[in-house]
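The values are calculated or read from the model by the stated rules, or taken from the named source; none is laboratory data. Predicted, not measured: the structure shown is a model, and the values here were computed from it. Cβ placement follows ideal geometry from the backbone for every residue including glycine, while neighbour counts extend to all protein chains displayed.
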Amino acid sequence: MRADILIHPERDDYPAADDLPAVRAHFEREGYVVIRRLLPLAACELARQAFLREVWPARRAYFKRHASGSYERNVYTEHGHMKYPIMNLQDIGGRRFRQFRQRGLELLTHPQLRRLMRQMFDEPARLVHTMYFDGNQATWAHRDGDYFDSSARGRMIGAWVAAEDIHPDAGRFYVVPGSHRALVGDIGDPNGARYRQQLAGAVRDAVAPAMKQGDVILWSALTVHGSLPTVDGRHPRRSFTGHYVPDSQPLRRYLSSAPTDRYIAVNNVPVVLHEDSHTLGGVLKATLKSDYPLLYAVLRALR
Ligand SMILES: O=C(O)CCC(=O)C(=O)O
């Protein structure tokens, strides 16, 4: 645990999901809110099991990673957890991981979450970015809105979904209450050292809620958050995150100029695709990475 982070004792007086005024008031005041048992345990379990069955044993397949932004194979911790999260499961191609992709996206677009997002935005939501976590990469302190956001600054909302009961020592997700209103002005390149230093400095007073299967944390695009260092590496932290924007607003990306108008629909929620899955070349590439990784590795080495 970082010695300089003060983790507040859990008060757990979060509003109930159906008390919308209280949910919104907490979110607007603190920059985050926890909703207990929002999602059915069975839906969490289907997604978690699909990971264990399809992705965890796949030593050779390539998945896009959050930390590097590149396609890499699974790296396992000394306790056998997949260390680096998978980014944008909607872009996984081929057939080999289709249950994981489908079940994960079904969880992030579940009618309960879809309804909550609609209420938060006063209009339907679009899912623009997703992640899956097994082990802990110890995510650096950041604000999502420095990487991408809705066209109206700060309106994007992140959701962290516990796919299982998360052990407190697994490297809990934390947020810095009130930070969505505290940091203003130019804080530089979000992949640069200055940014990381400045944001890490903002993490004095964090909240790291204890999360049980089906619990969800929502946070604002401008709220500083990350994950605590792992205390006991035996424990995984299986979870999905989704980032949502109001459907009427374009997604704004600060670090890439990739087009944003292609999507699939899952549970009636548009889910933005990030790879060129609309071209034959794009489909072939995505299929190679997951279903024929050895061939992909050879072609990559020849390039
Ligand atoms: O749980 C984590 O490690 C970080 C998740 C996160 O930062 C995000 O989804 O934006």
Kindly evaluate Gly214 against the criterion of being within 16 Å of the ligand (Cβ to nearest atom) and surrounded by 18 or more Cβ atoms within 10 Å (Cβ to Cβ). no
Any residue at all in the range 283-290 that is part of a strand (DSSP E or B) and free of Cβ contacts under 8 Å to residues at least 24 places away in the same chain? no
Do the conditions hold for Arg237, that is, is it within 30 Å of Glu78 (Cβ to Cβ), within 16 Å of the ligand (Cβ to nearest atom), out of contact with any Cys (no Cβ under 9 Å at 6 or more places or on another chain) and touching a residue at least 60 places away in the same chain (Cβ under 8 Å)? yes
Looking at the structure I just gave you, is Ile187 β-branched (Val, Ile, Thr), surrounded by 23 or more Cβ atoms within 10 Å (Cβ to Cβ) and part of a loop (DSSP other than H, G, I, E, B)? no
Selection from the range 183-211 of residues more than 18 Å from Tyr147 (Cα to Cα), at pLDDT 85 or above and among the aliphatic types (A, V, I, L, M) yields Ala206, Val207, Ala208, Ala210, Met211
Within the group Arg253, Arg262, Arg300, which residue is among the basic types (Lys, Arg), surrounded by fewer than 18 Cβ atoms within 10 Å (Cβ to Cβ) and within 16 Å of the ligand (Cβ to nearest atom)? Arg253
Checked against (1) assigned to a loop (DSSP other than H, G, I, E, B); (2) within 13 Å of the ligand (Cβ to nearest atom); (3) in contact with a helix residue (DSSP H, G or I) (Cβ under 6 Å, 6 or more places away or on another chain), Gln137 satisfies every condition except (3)
Out of the residues in the range 1-39 that are part of a loop (DSSP other than H, G, I, E, B) and of a type in the set (Asp, Glu), state the one that is modelled with the highest pLDDT. Asp19
Could you pull out the residue among Tyr132, Tyr62, Tyr76, Tyr71 that is under 13 Å from the mean Cα position of the chain (by Cα) and either hydroxyl-bearing (Ser, Thr, Tyr) or at positive phi (or both)? Tyr132
